[in-house]
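A.B. asks: Sharing a structure, written as structure tokens. Questions coming.
Read the figures in this text as sums done on the coordinates, not as results from a lab. Keep in mind that this is a model prediction, so the values were computed, not measured. Here the Cβ is made from the backbone with ideal geometry for all residues, glycine too, and neighbour counts use every protein chain on show.
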Amino acid sequence: MKDGNFLKEHNARSMWHPMAHPADSLANPPTIVTGAQGVRISDVDGHEVVDAVGGLWNVNLGFSCQPIKDAIAAQLDRLPYYSTFRGTTNDCVIELSEELRDFFAPDGLTRAFYTSGGSDSVETALRLARQYHKIRGEAGRTKFLSLKKGYHGTHIGGASVNGNANFRTQYEPLLPGCYQLPAPYTYRNPFNETDPERLAQLCLAALEDEIAFQGAGTIAAFIMEPVLGAGGVIPPHESFMPGVREICSKHGILLIADEVITAFGRTGSWTGSRHWGVQPDLMCTAKAITNGYFPFGAVMIAEGVAQVFEKDETGRAAIGHGYTYSGHPVGAAAALACLAETKRLDVPTNAAARGAELFAGLQKLAETHDVIGDVRGGHGLMCAVELVSDRAAKTPIDKATIGKVQEVAYQSGAMVRVSGPNIILSPPLVLTAEDVQVILSSLDKGFASI
Ligand SMILES: Cc1ncc(COP(=O)(O)O)c(C=O)c1O
């Protein structure tokens with residue numbers, strides 16, 4: 001490894017960073033992370049902090065999960081790669097598919113289609129949804145509905161159903177036939193409704209209205225995150241996702257649960273769909289499936305959808321989609337070990353307990369810091385603090401000020417993530433109560449510094 005001076009001098013010089021302006025990365029070089037232990041990361045200067053970002057919503061079991069590291073190393077020695085394209089497979093992926101079938105049985109999901117990450121999983125789900133309808137003779141069902149503020153990755157399909165202009169505008173025109181509906185976001189919504197249950201009903205009514213307008217027979221699927229994550233951690237009222245399920249079923253529209261961040265315990269339940277008592281038709285997973293140690297994902301498929309494909313005799317169900325790394329044996333080995341550890345550690349229980357402490361602590365911070373406009377969370381270890389320069393007017397905070405909060409929090413002991421006016425917290429699910437206090441006290445100092 002090159003020394004610290006070399007790294008600092010060359011930081012961002014010969015690479016472009018995702019989700020950043022190249023000039024900004026040059027002017028404000030990113031933190032160089034060089035090591036990690038447990039839930040802590042350390043930078044090139046030896047500064048160590050609690051990682052309240054959890055890698056990027058993926059390192060649920062922390063950075064020291066030895067069984068996953070061992071499984072990856074052993075699989076690299078035994079069979080580092082073989083494809084699952086028609087005609088071949090590998091042993092690990094067969095075993096993993098059986099494990100996932102058991103794991104997702106309560107969600108009604110019984111088949112897996114493997115991908116290399118979350119955006120791939122979204123793309124796969126959108127494509128399979130259209131194909132499902134074509135197999136059934138409803139070729140006109142091609143449109144997609146989704147929520148404003150939703151995040152579904154960055155492929156053209158995913159960006160087209162995305163609900164945030166930042167990920168869309170510079171890449172338009174996107175896929176035609178995609179329509180975004182108001183999100184159940186109590187702090188800001190077009191209905192001026194602050195009651196979560198009433199807002200959920202209004203959003204459901206907007207969904208019904210849009211379906212009537214478009215014509216149900218033109219719509220393939222509705223895609224949503226059970227708790228909106230990257231868009232600012234927006235947990236809907238408990239009636240919302242069941243309401244979406246009911247409306248979709250009534251109109252023959254598939255429900256795709258984008259659980260790239262919520263599957264495997266994040267919400268305090270094993271999946272976000274289970275958290276709300278909903279069985280989706282397709283579920284996108286990735287990230288924590290390997291604890292972030294190997295790029296991997298799976299689209300889980302409901303039994304009813306699977307039957308339509310498997311019973312097809314027209315040939316239309318042949319899947320013309322897949323990735324070189326679909327079912328990668330090293331990823332599958334990592335996922336097998338990760339699943340076993342995730343279950344052994346019963347991470348949803350800790351996510352719920354630590355999440356409640358974090359949420360309560362953030363609400364307490366809001367009592368002393370006027371810059372906090374809204375605190376969201378209460379469903380496992382995913383929280384957000386929305387900052388405003390004027391509480392009454394809900395004026396979004398400027399970039400420099402929120403950047404200072406982040407910097408001071410980092411110097412005080414916690415890495416937090418900034419997204420627009422939001423500070424987003426998605427720490428590993430193996431966090432301790434002491435770690436929660438470190439995050440809270442670091443943020444307290446951050447808020448006090450502005
Ligand atoms: C809900 C959701 N869907 C899809 C994605 C895209 O995943 P990836 O970055 O692995 O492509 C993300 C990433 O954060 C996500 O949060």
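A.B. asks: What is the distance in Å between the Cα centres of segment 118-177 and segment 384-408?
C.D. replies: 31
A.B. asks: Under 37 °C and 0.692 mPa s, how fast does segment 1-156 diffuse according to Stokes-Einstein, given a Kirkwood radius computed over C-alpha pairs? Answer in µm²/s, whole number. Could the numbers behind the result be given before it?
C.D. replies: Numbers: Rh = 20.2 Å.
Using the Kirkwood radius from Cα pairs, D works out to 163 µm²/s.
A.B. asks: While we're looking at this one, here's another question. Let me know the longest stretch in the chain that avoids all trypsin sites (Lys or Arg not before Pro) found in a DSSP loop with at most 11 other C-beta atoms within 10 Å. Provide the component values of the computation, followed by the final result.
C.D. replies: Numbers: sites that count: Lys2, Arg13, Arg86, Lys311.
So the longest stretch without any such site is 87-310.
A.B. asks: Compute the signed sum of charges (Lys and Arg +1, Asp and Glu -1) over the other residues within less than 14 Å, Cβ to Cβ, of Gly117. Numbers along the way, then the final one.
C.D. replies: Working: positive: Lys287; negative: Asp120, Glu123, Asp258, Glu259.
Neighbourhood net charge equals -3.
A.B. asks: Further question: Taking amide hydrogens as modeled 1.01 Å from N in the peptide plane, which residues meet the under 5 Å criterion relative to Val278, leaving out close sequence neighbours?
C.D. replies: It is none; the list stays empty.
A.B. asks: Hey, another quick one. Read phi for every residue in segment 369-382 and hand back ³J(HN,Hα) as whole Hz from Karplus 6.51 cos²θ - 1.76 cosθ + 1.60, θ = phi - 60°, with x for Gly and Pro.
C.D. replies: 10, 5, 5, 7, x, 8, 10, 10, x, x, 10, x, 8, 8
A.B. asks: Can you compute 3J(HN,Hα) from phi for each residue in segment 121-136, using the Karplus curve 6.51 cos²θ - 1.76 cosθ + 1.60 with θ = phi - 60°, rounded to whole Hz and x for Gly and Pro?
C.D. replies: Karplus values, whole Hz, x for Gly and Pro: 5, 5, 4, 4, 5, 4, 5, 5, 4, 4, 5, 3, 5, 5, 4, 7.
A.B. asks: So what's the back-of-envelope 222 nm ellipticity for the chain, counting only DSSP H runs of four-plus at -39500 (n - 2.57) apiece and dividing by all residues, rounded to 500?
C.D. replies: Details: 15 runs with 178 residues, N = 450.
That comes out to -12000 deg cm²/dmol.
A.B. asks: Could you give the Stokes-Einstein D for the chain in µm² per second, using the C-alpha Kirkwood radius, 4 °C, 1.567 mPa s? Present the calculation step by step, with values, prior to reporting the outcome.
C.D. replies: Numbers: Rh = 22.6 Å.
Answer from the Stokes-Einstein relation: 57 µm²/s.
A.B. asks: Could you work out the mean projected area of the convex hull around the alpha carbons of segment 282-413, in square nanometres to one decimal?
C.D. replies: Numbers: hull surface 53.0 nm².
The orientation-averaged projected area of the Cα hull of segment 282-413 comes to 13.3 nm².
A.B. asks: Same structure again: Identify all lysines with a Cα-Cα distance to Lys287 below 24 Å; exclude those on the same chain that are fewer than 8 residues away in sequence.
C.D. replies: Partners within reach: Lys69, Lys148, Lys149, Lys343.
A.B. asks: Oh, and also: For the chain, set up a GNM with springs between Cα atoms under 10 Å and report which of Pro196, Pro176, Pro22 has the largest fluctuation.
C.D. replies: Pro22
A.B. asks: Continuing with the same structure: Could you compute the FRET efficiency for Thr432 and Glu310, with r as their C-beta to C-beta distance and R0 at 51 Å, rounded to 0.05? Before the final figure, lay out the partial values.
C.D. replies: On the way: r = 46 Å, r/R0 = 0.90.
According to the calculation, E is roughly 0.65.
A.B. asks: For Lys143, list the lysines whose Cα falls under 24 Å from its own Cα; do not include residues on the same chain fewer than 8 positions away.
C.D. replies: Lys143 reaches Lys134, Lys250.
A.B. asks: Can I ask one more? P(r) of segment 332-394 in 10 Å steps, Cα pairs, percent per bin?
C.D. replies: Over segment 332-394, the share of Cα pairs per 10 Å bin runs 22, 33, 23, 15, 8, 0 percent.
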